[in-house]
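In what follows, a structure is listed as structure tokens, so that the remarks can point back to it.
The values are calculated or read from the model by the stated rules, or taken from the named source; none is laboratory data. Since we're looking at a predicted model, the values are computed, not measured. Cβ coordinates were reconstructed from backbone atoms using ideal geometry, including for glycine residues, and neighbour counts include every protein chain displayed. Just so you know, the surface numbers come from the protein's heavy atoms only, side chains and all, with ligands and any DNA or RNA stripped out. Shrake-Rupley method; radii C 1.70, N 1.55, O 1.52, S 1.80 Å.
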Number of protein chains: 2
Amino acid sequence: MRTAILVVDDDDIFNGVLVRAFARRDIPARGVTSLEEARAVISEAAPERVVLDLNLAGASGLTLIPELLAARQDCRIVVLTGYASIATAVEAIKLGAMQYLAKPVEIDAILAALEDATPEIEGAIAAEPMSVSRLEWEHIQRILQANEGNISATARALQMHRRTLQRKLGKRPPPFPPLAGGS
Amino acid sequence: MRTAILVVDDDDIFNGVLVRAFARRDIPARGVTSLEEARAVISEAAPERVVLDLNLAGASGLTLIPELLAARQDCRIVVLTGYASIATAVEAIKLGAMQYLAKPVEIDAILAALEDATPEIEGAIAAEPMSVSRLEWEHIQRILQANEGNISATARALQMHRRTLQRKLGKRPPPFPPLAGGS
DNA sequence: TGGCGCTGCGGCATAACGTCGCACCCGCCT
DNA sequence: AGGCGGGTGCGACGTTATGCCGCAGCGCCA
């Protein structure tokens, strides 16, 4: 028997929507909204399937991936975030996540990613180049990643004013030109 | 002894820039511009380090990743593309690439990704990343080039207002970052 | 306990941007 | 010829974003 799907997302509303959507499909699911709660659930009964949000009240959900896999090797993790960036996507997959999806996304895509381990190799290549704003966002995320989330250090590396970086980070990422949920 | 870095990119100019940049650092490198050439090199002497572009004259460089790893398990692959997307990034990492970077990118970032087997972040930070303005400028030039100098078309592709593009083009290029050959 | 660095945020002057409009040129079609 | 569509350059104006101050809170460490 499979354990319930663990939904980790600090957005109460979205979290609820997900859990109920799973419930409607007779899939047991449990939602938590913080790293602490998540850890508690893990130590209690390591989940087999997890939907993980990256922005958990400032903390990065990324850190949870190794813990999940340590608790259960065959744990299937799908990362789901409203602030999708290539940098964090690469990191998440490297850490062992199965899939990385950008919100908004349909429940079915999440389920598919959770169930389906087969990646289609013949991934289509994007037709359009990134917009300048998107490129900037990706670049910032990458450097921020390299600096372990240190905003001041990132601002210095980017030769950008710290205040400006803060403001940029506070905003939503620019729309991604090509496909998102695909795969 | 390490084999030369294999650069797979159908953009002759960028390919040349990369190979020369490596040469300037006394790093042996060999550039090829097609999947066929790449396969030839692989069967001849499986490279240890590879810089792989995704858009190879229509074909996806993604397919080369399994082949490279089959030829040499410890092959280090860095995917580099001008048409980055989260979907292909996820795919590339799943297939075994070490890093996924969006053009334009600094040579140092490529080298750092190639060398850094361990997530030792310190090394990566050492090299200064491009400033956002410089990154933007490089990107604009690239797309402008692709559109044969057509400003209106470039503005559309970049989802930027034509007036804004004009103003940006009218200004001098942003302060020079660390990057070598102007690509 | 004070110093140091990171963080978040308010405020303000200035620069950049989005948007509209205009004139001009060029190639094409009828 | 005239009309039409597309590209280019540029002025003007209101709206945003940015650079740069400053302040307070927090964790860290000698």
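For the range A:79-94, just list the computed ³J(HN,Hα) in residue order, Karplus coefficients 6.51, -1.76 and 1.60, θ = phi - 60°, integers in Hz, with x standing in for Gly and Pro.
In residue order, the calculated couplings are 8, 9, 8, x, 10, 5, 8, 4, 4, 6, 5, 4, 4, 4, 5, 4 Hz.
I need the calculated FRET efficiency for the pair A:ALA59 and B:ALA59, taking r as the beta carbon distance and R₀ as 35 Å, to the nearest 0.05.
Working from the Cβ atoms, E equals 0.30.
Output ³J(HN,Hα) for the range A:26-37: one whole-Hz value per residue in order, computed from phi by the Karplus curve 6.51 cos²θ - 1.76 cosθ + 1.60 with θ = phi - 60°, and x for Gly and Pro.
Values per residue, Gly and Pro as x: 6, 10, x, 8, 9, x, 10, 10, 8, 4, 4, 4 Hz.
Can you tell me how much longer the chain between A:ARG25 and A:GLU106 gets when fully stretched, taken as 0.36 nm per residue apart minus their C-alpha distance, in nm with one decimal?
27.8 nm
Over chain A, calculate the relative contact order: mean separation of alpha carbon pairs under 8 Å at least 6 apart, over the residue count, as a percent.
Values: 253 pairs, mean separation 30.3, N = 183.
Value for chain A: 17 percent.
For B:LYS94, tell me the accessible area in Å² from a 1.4 Å probe, rounded to the nearest 10.
B:LYS94 exposes around 70 Å² with every protein chain in place.
Estimate for me the total accessible surface buried between chains A and B (protein heavy atoms, probe 1.4 Å, no ligands or nucleic acids), in Å² to the nearest 100. Write out the running numbers ahead of the final one.
Values: alone 10390 and 10010 Å², together 16720 Å².
Chains A and B together bury approximately 3700 Å².
Under a straight-distance cross-link criterion of Cα-Cα below 17 Å, which aspartates and glutamates are reachable from B:LYS94, leaving out those fewer than 8 residues away in the same chain?
A:ASP74, A:GLU91, A:GLU115, A:ASP116, A:GLU120, A:GLU122, B:ASP53, B:GLU67, B:ASP74
Per residue of B:11-17, how many C-beta atoms from partner chains lie within 10 Å of its own C-beta, taken as a mean? List each step's numbers first, then the result.
Numbers: counts 0, 0, 0, 0, 0, 0, 0.
Other-chain Cβ atoms within 10 Å of each residue's Cβ, averaged: 0.
Of the options B:HIS139, B:ASN55, B:SER152, report the single residue whose Cα projects farthest towards the positive end of the charge dipole of chain B (beta-carbon charges: Lys, Arg +1; Asp, Glu -1).
The residue sitting most towards the positive pole is B:SER152.
Please report, for A:GLU36, the nm distances (one decimal) from its label point, 7 Å out from Cα along the beta-carbon direction, to the equivalent points in the remaining copies, shortest first.
6.4
Taking amide H positions as placed in the peptide plane 1.01 Å from N, state which residues far from A:ARG30 in sequence (5 or more) or on other chains have amide H under 5 Å from it.
Those lying under 5 Å, H to H, from A:ARG30 are A:ILE5, A:LEU6, A:VAL7.
Taking a point 7 Å out from Cα toward Cβ as the label site, list the nm distances between A:PRO175 and the same residue in every other copy, smallest first.
3.4
Under a straight-distance cross-link criterion of Cα-Cα below 19 Å, which lysines are reachable from B:LYS168, leaving out those fewer than 8 residues away in the same chain?
Partners found: none.
Could you give the size of the charge dipole of the range B:1-80 about its Cα centre, using +1 on the Cβ of each K and R and -1 on the Cβ of each D and E, expressed in debye and rounded to the nearest 20?
380 debye
Within 10 Å of each Cβ in peptide B:128-140, how many partner chain Cβ atoms are there on average? Round it to a whole number, please.
5
Expressed in nm to one decimal, what extension gain is obtained for the pair A:GLN73 and A:GLU115 from 0.36 nm per residue of sequence separation less their Cα-Cα distance? Could you put the intermediate results ahead of the total?
Working: separation 42, 0.36 × 42 = 15.12 nm, distance 1.57 nm.
Separation in residues times 0.36 nm, less the Cα-Cα distance, equals 13.5 nm.
Rounded, prolate or oblate: which fits the range A:127-183, taking a ≥ b ≥ c as square roots of the Cα gyration tensor eigenvalues, rounded meaning a/c under 1.5, else prolate when a/b beats b/c?
prolate
Please state the charge dipole magnitude for chain A, taken about the Cα centre, from unit charges on C-beta atoms (+1 on K and R, -1 on D and E), reported in debye and rounded to the nearest 20.
My answer is approximately 700 debye.
If the cut-off is a Cα-Cα distance under 14 Å, which aspartates and glutamates reach B:LYS171, setting aside same-chain residues fewer than 8 apart in sequence?
Filter leaves B:GLU136, B:GLU138.
When a/c is below 1.5 the answer is rounded, else prolate if a/b is larger than b/c, else oblate, so apply that to the range B:5-126 with a ≥ b ≥ c taken from the square roots of the Cα gyration tensor eigenvalues.
Verdict is rounded for the range B:5-126.
List the distances, in nm and shortest first, from the label point of B:ASN150 to the matching label points in every other copy, placing each point 7 Å from Cα along the Cα-to-Cβ direction.
Listed shortest first, these distances are 4.7 nm.
Among bridges DSSP assigns within the protein assembly as shown, what percent are antiparallel (round to 5)?
About 10 percent, rounded to the nearest 5.
Out of B:GLY82, B:GLY31, B:GLY149, any idea which swings most in a Gaussian network model of chain B, alpha carbons joined below 10 Å?
B:GLY149
Within 10 Å of each Cβ in B:53-63, how many Cβ atoms from other chains are there, averaged over the peptide?
Counting Cβ atoms of other protein chains within 10 Å of each residue's Cβ and averaging gives 2.
Take the Cβ-Cβ distance between B:GLU36 and A:GLU44 as r, set R0 to 51 Å, and report the resulting FRET efficiency rounded to the nearest 0.05.
0.40
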